[in-house]
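Data block below; observations after.
The values are calculated or read from the model by the stated rules, or taken from the named source; none is laboratory data. Bear in mind that the values here come from a model prediction, so they are computed numbers and not experimental data. FYI the Cβ positions are ideal-geometry reconstructions off the backbone, even for glycines, and counts take in every protein chain you see. Just the protein is used for accessible areas: all its heavy atoms, side chains included, with ligands, DNA and RNA removed. Shrake-Rupley method; radii C 1.70, N 1.55, O 1.52, S 1.80 Å.
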Amino acid sequence: MKDRKNIEEPVAAAFARFNEEFEASLRSDTRLLRSAIDHLLNATGKHIRPLLVLLAAEACGGVRENTINAAIFLELLHTATLIHDDVIDETKQRRGVPSLNAIFDNRVAVLVGDYVLSTALIRSIQTGDLRIVGIVSNLGRELSEGEIKQLETADESVIDERLYLQVIRKKTATLLSACAEIGAISAGASDETIAICRRFGELMGYSFQIKDDIFDYFKQGDIGKPTGNDIREGKVTLPLLYALRQDREEAAPYMRMILDKDFTDEHIEALIAYAKAKGGIAYAERRMAEYRDQAIATLRELPASPARQALEDLADYIVERTK
């Protein structure tokens, strides 16, 4: 697996500054909000998105003041969407840590999400670049549409790979695409270079989400068995989509579980086992690798540099990660 420290190396100083300013941007004198933010910061993830912003900028001319601002507001926007998603999905844990709504309640979680989102919008305006503000405004719509589309397909038990990829594009690929695009814009890149970065981020977003979906079919942490959270919520992701279309007659009882939304623990285990037995995991991994390879091929239209190599390694890191 690619070493994360090596990936960060070309932008190490800028990434350290991002971490400091990201935490500072969320400070509040309100006791309850401060407590919620402290929990949020302690449970934070790997900051893939701000790293993508910084590396894209470095590969396109160099990190500037606006690049740091962009990295901060994009991570704030992502954080706000996760908080709201946990409320919508009634998620009690994220990365093995209790979610905000589990520790406090939905009222507090929604309000904290709104606070983080407002902070993101303030930082985006501070860039003073209308192109960036326009991308962020459109991004908010896309992310919301993606979540609604996913709820719609889950409610209607839609078994369609094309629609699955549409959901991925809106809920994940558009955000990573915006990260790479805004990074290039902040560095003063040409329109052609910006387009290359935009496409790279989009392709990487597909591979990122497929990897996340694969995780749902395997043991995580102390759970001891596959989580099956997506299936429990009616979300039929790529491994199961592939399995269900291999033999309609054989798949019929599994389709019935999905259509009836009969998601007992026993049925979820059966659906996961069926997806694996019919080659669903292998198929999803192939598609994930295809998107990763396309992303790297797109990136190689940029001049060779340590930052470009780090972006290639980041694409590998995303598909090789174990959580």
Residue, least open to solvent (accessible area, probe 1.4 Å), within the range 196-215, restricted to residues that are under 12 Å from residue 56 (Cβ atoms) and of a type in the set (A, V, I, L, M): 204
Filter result for the condition that a residue is touching a Cys at 6+ places or on another chain (Cβ under 9 Å), β-branched (Val, Ile, Thr) and either in a helix (DSSP H, G or I) or farther than 30 Å from residue 57 by Cβ (or both), over 193, 174: 193
Boolean, residue 146 is out of contact with any Leu (no Cβ under 8 Å at 6 or more places or on another chain) and within 29 Å of residue 263 (Cα to Cα): yes
Pairs with Cβ under 6 Å, 6+ apart, first in the range 257-276 and part of a helix (DSSP H, G or I), second polar (S, T, N, Q): 258/157; 259/157
Candidates 273, 277, 282, 289 - the one that is closer than 30 Å to residue 193 by Cβ, surrounded by fewer than 18 Cβ atoms within 10 Å (Cβ to Cβ) and out of contact with any Leu (no Cβ under 9 Å at 6 or more places or on another chain): 289
Close pairs from the range 177-192: first within 22 Å of residue 142 (Cα to Cα) and open to solvent by 30 Å² or more (accessible area, probe 1.4 Å), partner part of a helix (DSSP H, G or I) and at pLDDT 95 or above, Cβ under 7 Å, at least 6 apart: none
When residues of the range 73-113 are limited to those that are more than 24 Å from residue 149 (Cβ to Cβ) and assigned to a strand (DSSP E or B), the one modelled with the lowest pLDDT: 93
Considering residues of the range 1-24 that are in a helix (DSSP H, G or I) and of a type in the set (Asp, Glu) only, the residue nearest to residue 102 (Cα to Cα): 23
Selection from the range 125-143 of residues that are open to solvent by less than 50 Å² (accessible area, probe 1.4 Å) and either in contact with a Lys or Arg (Cβ under 8 Å, 6 or more places away or on another chain) or at pLDDT below 85 (or both): 127, 129, 140, 142, 143
Checklist (1) buried (at least 23 other Cβ atoms within 10 Å of the Cβ); (2) touching a Pro at 6+ places or on another chain (Cβ under 7 Å) applied to residue 67, failing item: (2)
Residue 12, sole failed condition from (1) more than 21 Å from the chain's Cα centre (by Cα); (2) surrounded by 14 or more Cβ atoms within 10 Å (Cβ to Cβ); (3) closer than 20 Å to residue 318 by Cα: (2)
Given (1) open to solvent by 10 Å² or more (accessible area, probe 1.4 Å); (2) within 29 Å of residue 310 (Cα to Cα), number of the condition residue 260 does not satisfy: (2)
Within the range 243-252, tally of residues that are open to solvent by 70 Å² or more (accessible area, probe 1.4 Å), free of Cβ contacts under 8 Å to residues at least 40 places away in the same chain, farther than 25 Å from residue 219 by Cβ and not acidic (Asp, Glu): 1
Some residue of the range 25-46 being touching a helix residue (DSSP H, G or I) at 6+ places or on another chain (Cβ under 9 Å), part of a loop (DSSP other than H, G, I, E, B), open to solvent by less than 80 Å² (accessible area, probe 1.4 Å) and more than 23 Å from residue 102 (Cβ to Cβ): no
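Which of the residues belonging to the range 309-323 are open to solvent by less than 40 Å² (accessible area, probe 1.4 Å) and either more than 15 Å from the chain's Cα centre (by Cα) or more than 15 Å from residue 209 (Cα to Cα) (or both)?
310, 311, 312, 313, 316
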